[in-house]
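Below is one structure, written out as structure tokens; the observations come after it.
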Amino acid sequence: MTVMAEIQNPPGSGPMTVHDLEGMPQDGRRYELIDGVLLVTPAPGYRHQKIGYRLYHVLEAACPPEFDVLGAPFAVHVGDRMELQPDVLVGRSEDFTAKDLPVPPVLAVEILSPSTSIHDLNTKKAVYERLRVPSYWVIDPAAPELTVFELDEDGCYQQTAKAAGAEVFEARQPFPVRVVPEVLVERG
């Protein structure tokens, strides 16, 4: 038996827009919009933030002048119904405005946490692929592990690398940089 459901919005409402996000409370949560659907996640914790800042510094140290590296929260807007805030992102310097990145980044990085891992590995990965973000990195702090996805000639993500623990990942995109997962998650 097949059951089909029709989703209807209340009269006078519809998908949310980027403009609607401006009215969200400043409560530390991350508010993102995917195809007009609001995604709310808790504020990142200490370990998550430390990993993000460490990766930021690794990327920033290797970053050529034509790119910029930013950490969340920083809005990536693509259209009126899409706002994402990758944990770390790299974009072309010329593409940034004072308040957002209105085009897809060249690298988006998400750091897994219990409350975000399903979205990071599925929903956001699919959105970044659809937006044709050339490189998508996922960091699993528990392993520690870095998984790298890059677009193939058909515009589909293929896993091109995985580094765990003390293994070194030598990135070529968006620029040459060395990343060691265990260094990102070390205490101290």
Next on the checklist: Rounded to whole Å, give me the distance from the Cα center of region 121-172 to that of region 32-84.
Outcome noted: 15 Å
Next on the checklist: To test your reading of the geometry: what angle, between 0 and 90 degrees and rounded to tens, separates the Cα axis of helix 46-62 from the longest principal axis of the chain?
Outcome noted: 60 degrees
Checklist entry - Considering only DSSP beta bridges with both partners in the chain, what is the antiparallel share in %, to the nearest 5? => result 80 percent
Item to check | Stokes-Einstein D (µm²/s) once Rh is taken as the Kirkwood radius of region 64-163 over alpha-carbon pairs, at 20 °C in 1.002 mPa s | outcome: 156 µm²/s
Item to check | Most fluctuating residue given options L121, L70, L89, as computed from a GNM of the chain linking Cα atoms under 10 Å | outcome: L121
Checklist outcome for this item: Other residues with Cβ under 13 Å from the Cβ of L84 give, with Lys and Arg +1 and Asp and Glu -1, a net charge of -3
Checklist entry - Average projected area of the Cα convex hull of region 31-71, in nm²? => result 4.0 nm²
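Within region 85-131, which trypsin sites (Lys or Arg not before Pro) sit in a loop by DSSP and count at most 13 neighbouring Cβ atoms inside 10 Å?
On the way: sites: R92, K99, K124, K125, R130; in loops: K99.
The qualifying sites are K99.
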Item to check | Structure-based [θ]222 nm, the chain - -39500 (n - 2.57) summed over DSSP H runs of at least 4, per residue, nearest 500 | outcome: -5000 deg cm²/dmol
Checklist entry - So, how do all the Cα-to-Cα distances of the chain break down into 5 Å bins, in percent, from 0 on up? => result 1, 7, 16, 20, 20, 16, 9, 5, 3, 2, 1, 0
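Where in region 59-103 are there GluC sites (Glu not before Pro) that are in a DSSP coil and have at most 13 other Cβ atoms within 10 angstrom of their Cβ? Don't skip to the answer; put the middle values down first.
Working: sites: E60, E66, E83, E94; in loops: E66.
For GluC sites (Glu not before Pro) across region 59-103 that sit outside H, G, I, E and B with at most 13 neighbouring Cβ atoms in 10 Å, the list reads E66.
Once the other residues with Cβ under 11 Å from the Cβ of V168 are scored (Lys, Arg +1; Asp, Glu -1), what is the net sum?
Once all neighbours under 11 Å are counted, the net charge is -2.
None of the figures in this text is laboratory data; all of them are computed from the coordinates on show. Note that the coordinates shown come from a computational prediction; the quantities given were computed from them, not determined experimentally. Reconstructed Cβ throughout: ideal geometry from the backbone, glycine too, with neighbour counts over all protein chains shown.
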